Structures are given as structure tokens and as C-alpha cells.
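Engineer: Got a structure for you, written out below as C-alpha cells; questions coming shortly.
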Amino acid sequence: MGSSSAQALKSKAPAMAALEVKGLTRRYGARKAVDALDLHVTEGSVYGFLGPNGAGKTTAMRCILGLIGSDAGQVAIFGDSHPVRRRKHVGALVETPRFYEWMTGRANLEIAADYADVPASRVPEALARVGLQDRAEDKVQGYSLGMKQRLGIARALLARPRLLLLDEPTNGLDPQGMKYVRDLILELAERDAITIFISSHLLYEIQAVATRVGIIQQGRLIAEGDVKELLAGGQALEVEVGSPDKATLLETVADWPEVDHLGPGEDGEVFTLTGLDEAGLNRRLVEAGVPVSRLISRGRTLEDLFLALTDGEIT
Ligand SMILES: Nc1ncnc2c1ncn2[C@@H]1O[C@H](COP(=O)(O)OP(=O)(O)OP(=O)(O)O)[C@@H](O)[C@H]1O
Ligand SMILES: [Mg+2]
């Protein structure tokens, strides 16, 4: 698929934006880590900022927060584009949070509260919000990675932000830890009405929480929109054929709207086809005499979409 279909998937800018990014560009030497990036994060949404390793997610988030400068573009947070002042409404966790390891979780948050100029009385509330109240008096050096991530989220919540920026908050966590963070995100969005901007390279994980996504690759936005809208392209069919039959399959489905090679499966090569129906595919395969070892139908995923937009090149 070319850029025209990527263009078609970008939906119109919504009226109210918690975060609005226009033409953001950040270079490292000759390389553009972020390249003319436009983002529209609607207030109240859980926005998944997706892209493979090195796509520019962390760099973009640092620019948004004003932690590093940008070479071009504008950023507005709740309408405020001042490079420092716009951070007033934002809580952030960028990459792995750092703490004073020899101090307790509570002491770390008290220092952060002092820096952020918020009362220390908010610390217990923030710790409870991430389920760390019982470990508050333990030194951070004894915390698991998941607990440190949660402490980082608690720190980001201290100033009671309207927008929370989380950079890969589930990176390195076990499935239980991932689920904890996912549930926490949903709760913060629903109960506390916080707009959440969360980056990840794990598309399936974001699909479980995000209402809106932006997908970037090599610093450029390749799709943005409401998850429901983006995935409304119908079902995806997953087909596995023996390696010698690969060419015949590709010939048979040459006019199919989207055909992506997923890679080797258990008995051959696995492809996903999106945009047409299972019965139609079955009929064609029988007519062409392509033996299929597996044909399953499932809802389209963000991963299918991503593969379709990038012609299967993830890196
Ligand atoms: N300080 C830096 N100096 C030079 N190049 C950098 C620097 N930081 C990032 N880059 C480059 O910018 C590009 C984007 O990196 P970035 O860390 O923003 O990606 P990312 O999407 O956050 O990746 P990941 O999923 O691995 O965290 C990469 O090519 C990276 O090598
Ligand atoms: Mg990163």
C-alpha cells in the first residue's frame, strides 16, 4: 500500500485537543529522528503512540515536554504553546524512571512533590493510586521493575495532571505487571478523566486500551485516527501454505486489497489478507488448486494495519 491509503486513514482533526503537534521535526546530525510530525490527541482519549524501536517516539515525547529543543514545528497542550508553561498540565514518565535508590518510595515522592511545588500530603494518595501504599517505607533499590514503573506513574500524578505522557510504561514487565499498568491506565482515564498519551512498540497491547492511535515509522506519522475507525477495514484472514505453493497463492490473490507476508509458520509460510471475505478466498484457492494448511479468520488488528501500511517492513 502506498502513501495515498495512509493519507486516507488519517482522520480529520477533532475540535478539542489535549495535545496538538504540527510539523514537529528534530534532527540528530543529518538524521531526522522526528520528521514533520502532526498529532491530534483529543481530550479524554487514551492515545496510543505506536512505532517500532527507533521510530522516534521518545524523541517526540521529549520535544513535546520541552526537555529537548526541536528544529521545527509547534506543540500546544490544552491550547498553550509556551515551551515551558505548557508542561503545567502534564505528568510524564519518559523511558525508565530514575530514583534515589537508597531512599524509600515515599521519600522519593516527597522530594518530587517539593520540586513540583505540591503539598507532601498528596504523596500517600499517589502511592495508593498505583497500589504501592504497603511498600512505601521500603527502599527503592528493593523494588521490582514493575514497582519502579508504578512509582514513576505515581510521581507523574503528583501534580494532578490533565494529561499523562507515558513512554513505554510496560517495557520489560511480566504479563501480570503489564495487566496492572493497563488496568491503571483505564482507571485513570475513566475515573479521573485524565487524557493519556502512551507510547509502545507492542501494537496488540495498545489495542487493549487505546481509543485513538498514531502510528509512526522513521519519525513520520503513517496513520492516525480512532481505533474503531482504523480497524473497520473488515476481518483479516490468516492463511498458511507450504513453501512451494507460496508463488501460486500470491498469484491467486494478486488483486486482493491487502496481502502481507507474516513469515514462517509451523507448516509453511503465513500470510494475512485483509479487505475481502473468507468464502471468496476459499473459492479462489480451490479453483487455483492451492493447498492451504490453515485458514483462520479474525478481527483486524493494529498489527495488520501497521503491516499493511509499511509493506510488511517492521524495522
Ligand atoms: N541523543 C541522541 N543522539 C543521536 N541520535 C539519537 C539520540 N536519541 C535518539 N537518537 C536517534 O533518533 C532515532 C529515534 O530514537 P528514539 O529513541 O526517539 O526512538 P523510539 O521510538 O523511542 O525507540 P524505542 O522503541 O527503542 O524506545 C533513532 O534513530 C535514534 O538512534
Ligand atoms: Mg523510546
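Please treat every number below as a calculation from the coordinates, not as lab data. If you're wondering where the values come from, they're calculated on a predicted model, not measured in any experiment. All Cβ positions, glycine included, derive from the backbone under ideal geometry; neighbour counts span all protein chains shown.
Engineer: DSSP loop (so not H, G, I, E, B), at most 15 other Cβ within 10 Å: list which trypsin sites (Lys or Arg not before Pro) in segment 47-118 pass both filters.
Structural biologist: ARG98
Engineer: So how strong a dipole does the chain carry about its Cα centre when Lys and Arg Cβ are +1 and Asp and Glu Cβ are -1, to the nearest 20 debye? Don't skip to the end; give the middle numbers.
Structural biologist: Working: 36 positive and 43 negative charges, 314 e Å.
About 1500 debye.
Engineer: With angles folded into 0 to 90 degrees, how steeply does helix 105-115 sit against the dominant principal axis of the chain? Use alpha carbons for both and round to 10.
Structural biologist: 80 degrees
Engineer: Looking at PRO257, LEU273, LEU295, which one has the Cα that reaches farthest to the positive end of the dipole of segment 235-299 (charges on Cβ: Lys, Arg +1; Asp, Glu -1)?
Structural biologist: LEU295
Engineer: Also: Taking only Cα atoms, what is the 0 to 90° angle, nearest 10, from helix 278-288's long axis to the longest principal axis of the chain?
Structural biologist: 40 degrees
Engineer: For the residues MET147, MET16, what sequence is obtained by ranking on other C-beta atoms within 10 Å, fewest first?
Structural biologist: With the sparsest Cβ surroundings first, the list reads MET16, MET147.
Engineer: Using only the alpha carbons of segment 264-315, determine the length spanned along each of the three principal axes and report them from longest to shortest in whole angstroms.
Structural biologist: For segment 264-315, the Cα spread along each principal axis is 35, 23, 17 Å.
Engineer: Next question. Which residue fluctuates the most in the chain, going by a Gaussian network model with Cα springs under 10 Å, if the choices are GLN176, GLN218, GLN207?
Structural biologist: Top of the fluctuation ranking is GLN176.
Engineer: Could you estimate the translational diffusion coefficient of segment 235-299 from the Stokes-Einstein equation, with Rh from the Kirkwood formula over C-alpha pairs, at 4 °C and 1.567 mPa s, in whole µm²/s?
Structural biologist: On the way: Rh = 11.5 Å.
Calculated translational D: 113 µm²/s.
Engineer: Moving on to the next point. Based on the alpha carbons, how large is the Rg to Rh ratio for the chain when Rh follows Kirkwood?
Structural biologist: Value, to two decimals: 1.04.
Engineer: Next up: Place +1 on the Cβ of every Lys and Arg and -1 on the Cβ of every Asp and Glu in segment 3-230, take the dipole about the Cα centre, and give the residue among VAL123, ALA189, LEU19 whose Cα lies farthest towards its positive end.
Structural biologist: Value: LEU19.
Engineer: With only alpha-carbon atoms in the gyration tensor, what are the semi-axes of the equivalent ellipsoid for segment 81-181, in Å, largest first?
Structural biologist: 21, 17, 11
Engineer: Related question: Please go through segment 245-315 and write out the GluC sites (Glu not before Pro) that DSSP classes as loop and that have at most 16 other C-beta atoms within 10 Å.
Structural biologist: On the way: sites: GLU251, GLU258, GLU266, GLU269, GLU278, GLU287, GLU303, GLU313; in loops: GLU266, GLU313.
Those that pass, being in a loop and sparsely packed, are GLU266, GLU313.
Engineer: Antiparallel versus total DSSP beta bridges in segment 3-230: what percent is that, nearest 5?
Structural biologist: Given both bridge residues lie in segment 3-230, the antiparallel proportion sits at roughly 55 percent.
Engineer: Oh, and also: Quick check: the angle from helix 145-157's long axis to the longest principal axis of the chain, C-alpha only, nearest 10 degrees?
Structural biologist: On a 0 to 90 degree scale, this one is about 60.
Engineer: Kindly state, as a whole number, the per residue volume in cubic angstrom of the convex hull around the alpha carbon atoms of segment 164-244.
Structural biologist: Dividing the Cα hull volume of segment 164-244 by its residues yields 162 Å³.
Engineer: Filter the trypsin sites (Lys or Arg not before Pro) in segment 152-201 down to the DSSP loop ones having no more than 11 other Cβ atoms within 10 Å, then list what survives.
Structural biologist: Answer by residue number: ARG191.
Engineer: Still on this structure, please answer the following. Rounding to the nearest 20 debye, state how big the charge dipole of segment 156-315 is about its Cα centre with +1 on each Lys and Arg Cβ and -1 on each Asp and Glu Cβ. Each step should come with its number before you reach the end.
Structural biologist: Numbers: 14 positive and 28 negative charges, 127 e Å.
Here segment 156-315 has a charge dipole of around 600 debye.
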